[in-house]
Each structure stands twice: as C-alpha cells, then as structure tokens.
Amino acid sequence: MIFYQLNLDKMVAYGLTWNPEVFLVVATFFLVLSGVMLLIGYRVRLAGLILLMYWLPLTTIVHDWWNLDPGEGRRIQSALFVKNLAIMGGLLLLMANGSGKYSVRRLLDRRKI
C-alpha cells in the first residue's frame, strides 16, 4: 500500500489508537472487495452495504465541518461532507435497484451454473 504510514498516522490523529494496523488492513480488504463486487455487478446489495458501513462513520468523523471555525477550512470540509453524502445516496440507489442488465450475477443466472 502506497500511503500505509500516512493512513496510520491519520487514524491515530482521529483517536483510533487501539490496533490501527489491523483496522487499516481489514478496511482496505473490504473496500477493495466490495469495489470489485460493484464493478462486476455481483452481490451489489451486499457490496453497497459494506461500503455504506465504511462511508457513514468516516464521513461523520473526518469531515466534521460543524466543529470548525467559519472560514475556508469549514467550507472545504462541508463540501467534502456533502460529496460523501452523494456517494452514500448513490450506494442506496444501487442497493435498491440491483446490478442491472450487464452483470456477472445475471450471466450466472442465465447459465444455471
């Protein structure tokens, strides 16, 4: 991982002091796994749930713009917070509608494997 030490330092700075190495490795594994699942369209609802379980706490902990003083930093953090809300809304849409026409799941269902 390219930014392994930087991410560990950020996790400790945000208060995650109990075994951050394990949390970082597990989070990276689940993010890559669920991202690939979304990309190929296999178990989209499960992948969306995993990503939502990651994005919701991350957004509220890291982009807490309501605790900042008015200024440029608060504006940037609020924009990043809203961006993450939009990502979570897109994940909810994927979870509601499923994978769609071109997915591995649909291909496997047709072949009756």
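Which of the residues belonging to segment 17-37 are touching a helix residue (DSSP H, G or I) at 6+ places or on another chain (Cβ under 9 Å) and at pLDDT 90 or above?
Selection gives Phe30, Leu31, Leu33, Ser34, Gly35, Val36, Met37.
Helices (runs of 4 or more DSSP H) wholly in segment 8-113 with at least 1 residues that are touching a His at 6+ places or on another chain (Cβ under 7 Å) and crowded, with 16+ Cβ neighbours inside 10 Å - which ones?
Helices (runs of 4 or more DSSP H) meeting the threshold: 72-97.
Can you tell me how many residues in segment 25-46 are under 20 Å from Asp109 (Cα atoms) and either without any contact (Cβ under 8 Å) to a residue 24 or more places away in the chain or not small (Gly, Ala, Ser) (or both)?
10
Within segment 55-69, identify whether any single residue is more than 15 Å from Leu85 (Cα to Cα) and not hydrophobic (A, V, I, L, M, F, W, C), and answer yes or no.
Yes, that holds for at least one residue.
Is one or more of the residues making up segment 68-78 charged (D, E, K, R) and farther than 22 Å from Gly15 by Cβ?
There is at least one residue in segment 68-78 that is charged (D, E, K, R) and farther than 22 Å from Gly15 by Cβ.
The values are calculated or read from the model by the stated rules, or taken from the named source; none is laboratory data. Since the model is a prediction, treat every value here as computed from it, not as a measurement. Cβ: placed from backbone, ideal geometry, glycine included. Neighbour counts: every protein chain shown.
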